[in-house]
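These notes concern the structure reproduced below.
The values are calculated or read from the model by the stated rules, or taken from the named source; none is laboratory data. Remember, predicted model here, so these are calculated numbers, not experimental data. A quick note on method: Cβ atoms are made from the backbone with ideal geometry, for glycine too, and the neighbour counts reach across all protein chains shown. The area values use the complete protein model at the heavy-atom level, side chains included, leaving out ligands, DNA and RNA. Shrake-Rupley method; radii C 1.70, N 1.55, O 1.52, S 1.80 Å.
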Amino acid sequence: MAKIQVKQVRSAIGRTKTQKRTLEALGLKKLHQVVEHDDTPAILGMISAINHLVVVVK
């Protein structure tokens, strides 16, 4: 399965609780942190929900 890298580029300060929980579920805790995940529909849905806070690095 294909892998994608997700990088947090915006702060979670002032965001809703669901957006903060989505960042935590992806494994993102700090700014500019990069995590690698499988390219599944669930992960892509989480990324699209917080696309203003993260960027996908390939």
Q | Residue check for Thr22: among the β-branched types (Val, Ile, Thr) and more than 11 Å from the chain's Cα centre (by Cα) | A | no
Q: Give the range 11-58 a look and list any residue that's assigned to a strand (DSSP E or B), open to solvent by less than 70 Å² (accessible area, probe 1.4 Å) and among the acidic types (Asp, Glu), or say none.
A: Asp38
Q: Pairs only if they're at least six apart or on different chains, beta carbon under 6 angstrom, first in the range 45-58 and of a type outside the set (Asp, Glu), second modelled with pLDDT of 95 or more and part of a loop (DSSP other than H, G, I, E, B); list them, first residue then second.
A: Leu53/Arg10; Val55/Val9
Q. So Gly27 clears everything in (1) at pLDDT below 95; (2) at positive phi except one condition, right? Which one?
A. (1)
**Q.** Every residue from the range 1-23 that is farther than 17 Å from Val34 by Cα and β-branched (Val, Ile, Thr)
**A.** Ile13, Thr16, Thr18
